[in-house]
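Just so it is clear, none of the values below were taken in a lab; they were calculated from the coordinates. Treat the numbers as computed from the prediction; the structure is a model and nothing was measured. Positions of Cβ are generated from backbone atoms using ideal geometry, with glycine treated the same way; all protein chains shown enter the neighbour counts.
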Amino acid sequence: MLKIKIALVGVGNCASAFVQGLQYYSNCKKEEDCIGLRYLFLGGFHPRDIQIVAAFDIDNRKVGKDLAEAIYAPPNNTLKLVNVPQTNVTVHKGPVLDGIGEYTKNIVQVSSLPEVNVADVLKESGAEIVVNLLPSGAVKASQRYAEQALSAGCAFVNTTPAFIASDAAWAKRFEEAELPLVGDDLIDQVGATTLHKTLLKLLSMHGVRITETYQLDVGGGTESLDTLERTRDVKRIVKTKSVETALPYKAAVVAGSTDYVDFLQNRRDSYFWIKGLYFCRVPMRIDLRLSTVDAPNAGSALFDVIRAVKIALNRKLKGVILPISAYAFKHPLQLTPIETAEKMFTDFIMGKA
Ligand SMILES: NC(=O)c1ccc[n+]([C@@H]2O[C@H](COP(=O)([O-])OP(=O)(O)OC[C@H]3O[C@@H](n4cnc5c(N)ncnc54)[C@H](O)[C@@H]3O)[C@@H](O)[C@H]2O)c1
């Protein structure tokens with residue numbers, strides 16, 4: 001099987017869990033043995049078919065280092081899951097632009113090395129897919145890497161909430177370049193938004209009238225600090241809209257991120273509150289907390305997205321690939337109910353759509 005050659009943009013916590021996951025699952029043979037993965041094989045591809053051929057960051061503790069070393073460098077603070085052997089992929093210095101915000105400027109140490117020409121590195125490395133894992137507030141930098149992917153003839157995966165795959169103008173540019181584009185804002189495997197929507201759907205299906213509900217979370221990774229400063233408002237709008245679609249009627253809904261608690265490290269606590277009325281208007285309440293570690297929560301979806309984008313490349317599909325975007329992202333070009341998105345994705349993998 002030919003390798004799926006990818007480039008990582010941003011060697012932060014998410015990239016760390018992803019690279020460790022590639023190592024962790026590389027020798028897994030049977031579906032029943034690969035606990036934690038949704039698909040061991042997808043469209044015939046195993047996770048070990050994914051090969052990282054280039055990586056970009058701006059932090060001097062990562063730039064110039066082998067990827068296997070860079071993923072454990074501070075300020076990354078996610079779990080160490082396995083030892084990753086040398087990858088022979090050296091982290092390149094990319095353009096900084098808005099990669100650091102006011103709140104993260106004392107945490108990220110910008111490398112003094114000159115920045116590379118990203119498109120040239122992509123071409124030389126043979127990368128086919130660029131996976132954007134920049135901080136959520138790095139909108140200009142995300143757009144710059146999308147430009148570079150276009151110049152180098154690569155597909156683009158936008159895991160960040162920056163509007164790229166949900167923006168009609170970007171969709172058109174990738175379509176004209178005959179390249180696939182998917183995003184925006186990756187859905188977690190143990191996702192607070194998905195859990196919230198599922199609970200609301202179940203209750204309303206059973207005749208419960210939800211009157212008010214919120215879901216708010218706190219986390220301790222650099223990304224939570226960046227969210228606090230630069231994307232809290234947009235995240236709140238996107239998440240609230242998404243949760244509202246789970247109810248067939250209007251209710252008071254709030255969903256979003258709230259704060260940064262440094263000692264949580266890469267952990268995240270999500271709080272859910274649901275209030276409603278059931279038989280004879282008798283009141284009910286749910287008060288829940290979900291505790292996860294952030295970065296590994298993106299791994300399974302990333303594995304699926306990358307393999308699905310490879311399938312899109314093989315089929316010479318271009319522009320936004322809706323079955324992948326709706327399945328794995330919170331803000332696709334078109335919002336789609338979970339069940340429909342799941343069916344669209346499996347039909348796409350099987351070649352029916
Ligand atoms: N479960 C998850 O972790 C999850 C789920 C969905 C979406 N995401 C998205 O993934 C992205 C990454 O999350 P994270 O937790 O890894 O963040 P992080 O802050 O740990 O990592 C970001 C990395 O990007 C680097 N960087 C900053 N500016 C750069 C630039 N201009 N060029 C190259 N590198 C640059 C930083 O040095 C850092 O290494 C975020 O946008 C987040 O919203 C994550």
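Values for this structure:
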{"item": "Under the Karplus curve 6.51 cos²θ - 1.76 cosθ + 1.60, θ = phi - 60°, whole-Hz ³J(HN,Hα) for region 120-128, x wherever Gly or Pro sits", "result": "5, 4, 4, 5, 4, 7, x, 4, 10"}
{"item": "Exposure proxy order (Cβ contacts within 10 Å, fewest to most) of C14, C28", "result": "C28, C14"}
{"item": "Backbone HN-Hα couplings from phi across region 5-10 [Karplus 6.51/-1.76/1.60, Hz, Gly and Pro as x]", "result": "8, 10, 10, 9, 10, x"}
{"item": "Tilt relative to the chain, helix 299-314 - C-alpha long axis, 0 to 90 degrees, to 10", "result": "60"}
{"item": "Size-normalised alpha-carbon gyration radius of region 113-211, reference 2.2 N^0.38 Å", "result": "1.43"}
{"item": "Added length on full extension, which subtracts the Cα-Cα distance from 0.36 nm per residue, D120 to A169", "result": "15.2 nm"}
{"item": "Net lengthening on full extension, S291/V190 (0.36 nm per residue, minus Cα-Cα)", "result": "35.4 nm"}
{"item": "Hz values of 3J(HN,Hα) by residue in region 60-68 - Karplus curve (6.51, -1.76, 1.60), Gly and Pro given as x", "result": "5, 7, 10, 4, x, 9, 5, 3, 5"}
{"item": "Proxy reagent accessibility, fewest Cβ within 10 Å first, across W170, W273", "result": "W273, W170"}
{"item": "Fraction of beta bridges assigned by DSSP in region 1-158 that are antiparallel (%, nearest 5)", "result": "15"}
{"item": "The chain, relative contact order [Cα under 8 Å, separation at least 6], %", "result": "19"}
{"item": "Relative pair counts by distance (%), Cα atoms of the chain, 20 Å bins", "result": "31, 59, 10, 0"}
{"item": "Percent of beta bridges antiparallel (DSSP, region 192-293, rounded to nearest 5)", "result": "75"}
{"item": "Approximate spin-label separation V82-A353, in nm, with each point projected 7 Å along Cα-to-Cβ", "result": "3.2"}
{"item": "Calculated FRET efficiency for the pair L2/T198, C-beta based, R₀ 41 Å, to 0.05", "result": "0.65"}
{"item": "Compactness index (Cα Rg / 2.2 N^0.38 Å), region 192-293", "result": "1.14"}
{"item": "Estimated FRET transfer efficiency when R0 is 22 angstrom, pair S112-E69 (beta carbons, to 0.05)", "result": "0.70"}
{"item": "Per-residue [θ]222 nm for the chain (sum of -39500 (n - 2.57) over DSSP H runs n ≥ 4, rounded to 500)", "result": "-9500 deg cm²/dmol"}
{"item": "Efficiency of FRET from Cβ geometry, S151 and V261, R₀ 35 Å, rounded to 0.05", "result": "0.30"}
{"item": "Antiparallel bridges, percent of DSSP beta bridges restricted to the chain (to nearest 5)", "result": "45"}
{"item": "Positive dipole terminus of region 194-253, leading residue within G219, T231, S204 (C-beta point charges)", "result": "S204"}
{"item": "Cut-off under 5 Å, modelled amide H: who pairs with I50 long-range", "result": "I4"}
{"item": "Distance from region 177-233 to region 125-146 (C-alpha centre basis), Å", "result": "22"}
{"item": "Packing-based exposure ordering (other Cβ within 10 Å, fewest first) of V320, V139", "result": "V139, V320"}
